Every structure is written in structure tokens, then in C-alpha cells.
């Protein structure tokens, strides 16, 4: 799948992270992980919870990408954003952000 958003050039990272976190949250729900419990846990407890549920969320910080592995199988991937500068009708500049992503939840919804 591909997601495209329009955002200002200053705070685009927050916009992308917000959408990525929502995507991850939806995926966790789909595979049976209680996202509300995870949100409230301290990081070390959340790591133990993920290990207990055979779940890995691998973040590639330098490019803003994620890979989610559950029970040894890749169940989702979120690529880093592709940024294009666009000009509005009044000469203002903004980013068109394109993000490729895939998950088992997406496959079920769109098949």
C-alpha cells in the first residue's frame, strides 16, 4: 500500500510518526496484542510483554522505517518516507510525503 500526505516542511516528521504509530497500533490489534496495555507499560515491561508474545518491532531510526515480526513471520513493514517539495497556489512550499507500507491486516482488508 501507499499512503500520501501533505504537510508543512517544519513538522512533517511528527505527522509521519503519528500516522506510522496509528498503522502499528492497528496491526497490533489485528494480531491480538492489547495496545492499550502496551501504551501504559514502562518500556522494559513492554519489551518483556513483546517477548512473551513472540513479537519484535524493529525500528530503523535513520530512515524512519519499521519491521514487525510475529511468531517468526514478518507481518508488517513501513518504509521510510519519500519527500517531494510542492508549491501551493500562493507560493508557499510544503511536502508531499509518500510512504510505502504493508501488513497482514492490510491484505485482509483490501482483498
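Summary of values
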{"item": "Selection within the stretch 1-22 - touching a helix residue (DSSP H, G or I) at 6+ places or on another chain (Cβ under 9 Å) and either exposed (fewer than 11 other Cβ atoms within 10 Å of the Cβ) or within 15 Å of residue 75 (Cα to Cα) (or both)", "result": "1"}
{"item": "Single condition residue 84 does not satisfy, out of (1) under 10 Å from the mean Cα position of the chain (by Cα); (2) assigned to a strand (DSSP E or B); (3) free of Cβ contacts under 8 Å to residues at least 24 places away in the same chain", "result": "(1)"}
{"item": "Set 99, 63, 109, 85: member being surrounded by fewer than 17 Cβ atoms within 10 Å (Cβ to Cβ) and at pLDDT 95 or above", "result": "85"}
{"item": "Condition met for residue 58 (exposed (fewer than 11 other Cβ atoms within 10 Å of the Cβ) and at pLDDT 90 or above)", "result": "no"}
{"item": "Any chance residue 99 is part of a strand (DSSP E or B), in contact (Cβ under 8 Å) with a residue 40 or more places away in the chain and over 14 Å from the mean Cα position of the chain (by Cα)", "result": "no"}
{"item": "Matching strands (runs of 3 or more DSSP E) fully within the stretch 7-79 where at least 3 residues are closer than 22 Å to residue 100 by Cα and under 10 Å from the mean Cα position of the chain (by Cα)", "result": "65-70, 73-78"}
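The values are calculated or read from the model by the stated rules, or taken from the named source; none is laboratory data. Remember, it's a predicted structure, so these values are computed and weren't measured experimentally. All Cβ positions, even for glycine, are placed from backbone atoms using ideal geometry, and neighbour counts span all protein chains on display.
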